[in-house]
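> Would you mind keeping the following structure in view while I ask a few things?
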Amino acid sequence: MISKVKAKYWRTTHKYGIRLPKTAKEALQLDKMNGNDYWEKVIKKEMSKVWVAYEPNEKRGVKPNGENYWELLLVYVDDCLAVSHDLESTMLKIGEIYELKDDEFGTPESYLGAGIEKFMLPDGTKAW
């Protein structure tokens with residue numbers, strides 16, 4: 001049943017005559033082709049709904065160049081996405097507490113079933 005639903009999702013390219021992008025990068029390309037910013041606005045609206053389910057720790061990571069940054073760990077059931085300059089160290093610490101699937105980690109290709117990749121917003125902001 002689930003595989004049939006997923007297969008239909010990937011085959012669906014249009015709804016009500018509107019082309020449906022499968023990635024944020026594709027959505028921004030559609031905006032560029034159509035000369036508008038509809039998909040960009042939708043992405044920003046959806047991202048504004050993302051909220052933190054806990055109080056963040058004030059400790060930040062520090063890159064080798066001295067720049068501070070926040071490390072993030074997004075977890076949903078058995079899917080984990082770590083945002084860190086030093087991914088290996090972060091994941092090894094998590095692996096000491098929780099069992100990691102096949103002890104594998106690296107650049108993400110998907111999260112919660114959605115394909116993800118690095119891209120740049122029109123204002124020059126780098127995003128996933």
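The values are calculated or read from the model by the stated rules, or taken from the named source; none is laboratory data. As the structure is a prediction and not an experimental result, all values here were calculated from the model. Note that each Cβ is placed from the backbone with ideal geometry, even for glycine, and that neighbours are counted across all protein chains shown. Heavy atoms of the whole protein, side chains included, go into the accessibility calculation; ligands, DNA and RNA do not. Shrake-Rupley method; radii C 1.70, N 1.55, O 1.52, S 1.80 Å.
> Using r as the Cβ-Cβ distance of residue 77 and residue 110, and R0 as 22 Å, what FRET efficiency do you calculate, to the nearest 0.05? Please report the intermediate quantities before stating the final value.
Details: r = 14 Å, r/R0 = 0.65.
Efficiency at R0 = 22 Å is approximately 0.95.
> Let me check something: with ligands and nucleic acids excluded, how do 104, 99, 71 order by accessible area (1.4 Å probe), largest to smallest? Spell out each step's value before the answer.
Values: 104 135, 99 180, 71 85 Å².
Output order, biggest surface exposure first: 99, 104, 71.
> Hey, another quick one. Keeping all protein chains in position, work out how much accessible area residue 111 exposes to a 1.4 Å probe, and write it in Å² to the nearest 10.
Surface accessible to solvent at residue 111 totals approximately 40 Å².
> Calculate, for residue 62 and residue 22, the FRET efficiency according to 1/(1 + (r/R0)^6) with r their C-beta to C-beta distance and R0 25 Å; round to the nearest 0.05. Numbers along the way, then the final one.
Values: r = 36 Å, r/R0 = 1.45.
For R0 = 25 Å, the calculated efficiency reads 0.10.
> In addition: With every protein chain kept in the model, how would you rank 48, 110, 84 by accessible area, 1.4 Å probe, largest at the top? Don't jump to the answer; show the numbers that get you there.
Details: 48 90, 110 65, 84 30 Å².
Reading off the accessible areas and sorting them downward yields 48, 110, 84.
> May I ask which of 25/93; 15/41; 22/118; 49/93; 41/63 have a Cα-Cα span longer than 21 Å here?
On the way: 25/93 32 Å; 15/41 19 Å; 22/118 14 Å; 49/93 29 Å; 41/63 32 Å.
Violating the 21 Å Cα-Cα cut-off are 25/93; 49/93; 41/63.
> Assuming 0.36 nm per residue, please report the length gained on full extension of the stretch residue 33 to residue 70 beyond their Cα-Cα distance.
Values: separation 37, 0.36 × 37 = 13.32 nm, distance 3.48 nm.
Working it through step by step, the gained length comes to 9.8 nm.
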